[in-house]
Every structure is written in structure tokens, then in C-alpha cells.
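Input: a single structure, listed below in C-alpha cells.
The values are calculated or read from the model by the stated rules, or taken from the named source; none is laboratory data. Since this is a predicted model, take the numbers as computed values, not measurements. Every residue, glycine as well, gets a Cβ built from its backbone with ideal geometry; the counts of neighbours run over all protein chains shown.
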Amino acid sequence: MSDRRIVLTRPDDWHLHLRDGAMLASVLPDTARQFARAIVMPNLQPPVTTVEHARGYRARINAALPAGVRFDPLMTLYLTDSTSPVEIERVKASGFVHALKYYPAGATTNSENGVTELKRISAVLTAMEKHDVPLLIHGEVTDPAVDVFDREAVFIERHLSPLVDAFPGLRIVLEHITTRAGAQFVAEAPDNVAATITAHHLLLNRNALFAGGLRPHHFCLPVLKRETHRQALLQAATSGRPKFFLGTDSAPHRRHAKESDCGCAGIYTAHAAIELYAEAFEQANALDRLEGFASFHGADFYRLPRNADRIELERRVWTVPERIGIEDGDSDDAIVPFRANQPVLWQLVEQPALNR
Ligand code: NCD
Ligand code: ZN
Ligand code: ZN
């Protein structure tokens, strides 16, 4: 491996928001040019709650793919208080729905229909454990009495730890961990518990929210934390442990939805995802660990084959565009990507689509 180039088995994104309609068509090419597969989050409005919904959404994603590009959307369902255990059997039989997503009601973007209390879904969790269907968790309490920077740690203590004990056979992914507590809990938990880590949580601490003024494009949930937590995440991601894998949580919003009196949570990183991870791993002097994190650990956890083809990254500075246009939208209201107008240090070497 030379300093200037890295060749990796093609990676996958184990946590991605693709949205729908014009937004879907606008963001999908960014993901599909680097990743072979992605776990597609179900928090549409209305949410994707059944296998039949997911079948339709998957068809819309496939129809939005640029010609000649191969990409496999791995679908998920959104758990609600009324999800039925029978749906889990349908998931198992579907072959294309790979997990269920648990949003505590009110925790994040489009989580209004999420689960109000874990005990209401215990029959569903039992079915998931029995059929070996992974549970993906947005791990934050919604209790307004808990400080927003503590919501992940409190969730782990109040809800996740008892859940892991109560369902020892259930595969669980604690999504987008942001704290030392999150990294430590997962590291110490049994092998059926894993975590995704975003590029932005590896690269930024909470100072980025207030750098020279209020920065809505750095607002996501769980919110950025202090530097000690970022260091703990970097250490987990570069540890080589198979429990930690890549999940961008790339979450596009229109510019005016973020630059607003009540700006919504979500950072768009799909345009530069693998390059941003390369920056973070380089920072930690651990570029040799990037392939495990980006291309192997997630596939192994989900019990899917590792990808056979490769991508190449070059150490070459490029500038992120100011906006990512939305196909039917007004350019003023387009997506403001992470690092807009700023340099990224690595660049994916483009491959002709038909070679994949
Ligand atoms: C996500 C979104 O916009 O859908 N936002 C975010 O800040 N991460 C939802 C989520 O993953 O929590
Ligand atoms: Zn989330
Ligand atoms: Zn997300």
C-alpha cells in the first residue's frame, strides 16, 4: 500500500437515509458510486412499516439507479407499538428486508410513530430473536429532564443494557454511537451486539456546532459530543474489532429545513463518505484498518457475503461543491453537503460504471 493510494474491497454503508421521490433520485448516485450495498433507513413519511411497503420502496430505489450501476438496497422496517410478530415471519421469508429499526418516539427526524415503550414490543422482539432478525437502535432517551448530551449514555443504562440481558440471542446494532459510553458498552457486550460509527462523529466534536456562529449543517442526532468522545470513537473504529463498522447516517435535508428557526437534524455525507472515513483513519494512523471497518465487519455481522470487487482512493485534495441539487427543486433550497466549499483530502478514483 503506497502513501498516495489505497485499494479497498468495495465498502457498504450500514446506515443510510435515501428518502424518496426527487430527493432519492438526487442522492442515490452519490452512495451507489462507492458502496455496493446500504442498509436503508425506513423513516419516510409515512414510515416503512411492512414488508409490502419495503418492497415498493425498494423498487423505487432500484428505478432511481443510474443506468449501468449495480447497487443493492438492503431494506429495513420501522418498528411501531403495533408491529405484529407475524410481520417478522414475513421479513424472514422476504429475503430483502434485513433488519427492524427502533426509534424511541420523538427521538429524532421522523420518529413520531416510533415505539413509546420497549415493553410494548416484547412479543416482536421475541419473534426477532427466534428468527434471527437484527434490531437496529437509535439509542437516545427522549426524557426532557435528561441533558441532550447525556441521552445516549442514559439510554444505554436504562434501556439497552436490560434489553441485551433479556434477549441474549438477539443481534443488535447500536446505530451511530457518539460517546465513550457507547463505544465501551458495545466493546464489552457479547458478540451479538455491534455499532455503526459515522464519518462526521469521527471528524468533528461539538465545537463544530458553534464555530464562529451557529452551524445548522453540523446538527445531527445524536448531537456531536466533546473531544474525549470523538477520540473514543476513533479508537473503536480503528481497533480492528468486528463489532464496529461503517454507517454514514447520511441524512439529506433541504437547505431551508436546516437553516431555520427550528432546523432539523441530519448531516449529508454521502457525496464524500469513504473519503471522509479515510481522512479520519489517516488522522489515527490506521489506514490499514479501514478495509475491515468499511468492507468486512458489517457484511460479516449481517451474514452477507463480502464484496468481490474493489475501489481505489487517491490522496488528492478536492473541493466539495456548495450544493447538491435536488432534481425538481429550486437550487437555493438544495442540499448543503458536509464540507461545502471546503477541501477533502482523499478522492475516490472513478471507475467506468460498466466495470462493476
Ligand atoms: C436522521 C434523519 O434525518 O432522518 N437525522 C439525524 O440527525 N441522524 C435520523 C436519525 O438517524 O436519527
Ligand atoms: Zn438515528
Ligand atoms: Zn440515521
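Among the candidates 278, 286, 251, 299, which residue alone is touching a residue at least 40 places away in the same chain (Cβ under 8 Å), buried (at least 16 other Cβ atoms within 10 Å of the Cβ) and touching a Leu at 6+ places or on another chain (Cβ under 6 Å)? Outline the logic, then answer.
Numbers: 286 fails: touching a Leu at 6+ places or on another chain (Cβ under 6 Å); 251 fails: touching a Leu at 6+ places or on another chain (Cβ under 6 Å); 299 fails: touching a Leu at 6+ places or on another chain (Cβ under 6 Å).
Residue meeting the stated conditions: 278.
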Could you tell me whether residue 56 is more than 16 Å from ligand 2 (Cβ to nearest atom), part of a loop (DSSP other than H, G, I, E, B), over 25 Å from residue 219 (Cα atoms) and not hydrophobic (A, V, I, L, M, F, W, C)?
no
Under the condition of being within 19 Å of the chain's Cα centre (by Cα) and farther than 19 Å from residue 129 by Cβ, which residue from the range 154-174 is farthest from ligand 1 (Cβ to nearest atom)?
156
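How many residues, within the range 254-273, are out of contact with any Pro (no Cβ under 6 Å at 6 or more places or on another chain), touching a residue at least 40 places away in the same chain (Cβ under 8 Å) and more than 11 Å from ligand 1 (Cβ to nearest atom)?
Taking the range 254-273 and keeping what is out of contact with any Pro (no Cβ under 6 Å at 6 or more places or on another chain), we get 254-257, 260-262, 264-267, 269-270, 272-273.
Cutting the leftovers down to touching a residue at least 40 places away in the same chain (Cβ under 8 Å) gives us 254-256, 260, 264-267, 269-270, 272-273.
Then drop every residue that is not more than 11 Å from ligand 1 (Cβ to nearest atom), which leaves 254-256, 260, 270, 272-273.
The number of residues fulfilling the criteria is 7.
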For the range 191-225, what are the residues that are in contact (Cβ under 8 Å) with a residue 24 or more places away in the chain and either among the β-branched types (Val, Ile, Thr) or loosely packed, with under 15 Cβ neighbours inside 10 Å (or both)?
191, 193, 196, 197, 198, 223
List, please: which pairs have Cβ atoms under 8 Å, are six or more places apart or on different chains, and start with a residue in the range 316-334 that is more than 16 Å from residue 29 (Cα to Cα) and end with one that is surrounded by 14 or more Cβ atoms within 10 Å (Cβ to Cβ) and basic (Lys, Arg)?
329/254; 331/323; 332/255; 333/254; 333/255
Do any residues in the range 18-42 that are over 15 Å from residue 58 (Cβ atoms) and modelled with pLDDT of 95 or more have Cβ atoms under 6 Å from those of residues that are β-branched (Val, Ile, Thr) and surrounded by 20 or more Cβ atoms within 10 Å (Cβ to Cβ), where the two are at least six apart or on different chains, and which pairs are they?
22/326; 23/326; 26/326; 34/274
Evaluate the range 18-26: report whether one residue or more is closer than 21 Å to residue 295 by Cβ and surrounded by 23 or more Cβ atoms within 10 Å (Cβ to Cβ).
yes
Testing residue 140 on (1) surrounded by fewer than 21 Cβ atoms within 10 Å (Cβ to Cβ); (2) touching a residue at least 12 places away in the same chain (Cβ under 8 Å); (3) not in a helix (DSSP H, G or I), one condition comes back false. Which one is that?
(1)
Being within 16 Å of ligand 3 (Cβ to nearest atom), crowded, with 22+ Cβ neighbours inside 10 Å and at negative phi narrows 47, 73 down to just 73
Condition test on residue 154, is it surrounded by fewer than 20 Cβ atoms within 10 Å (Cβ to Cβ), without any contact (Cβ under 8 Å) to a residue 12 or more places away in the chain and among the aliphatic types (A, V, I, L, M)?
no
Quick check on the range 94-121: of everything there that is assigned to a helix (DSSP H, G or I) and free of Cβ contacts under 8 Å to residues at least 40 places away in the same chain, which residue is surrounded by the fewest Cβ atoms within 10 Å (Cβ to Cβ)?
119
Do you know which residues across the range 314-331 are out of contact with any helix residue (DSSP H, G or I) (no Cβ under 7 Å at 6 or more places or on another chain) and exposed (fewer than 11 other Cβ atoms within 10 Å of the Cβ)?
317, 331
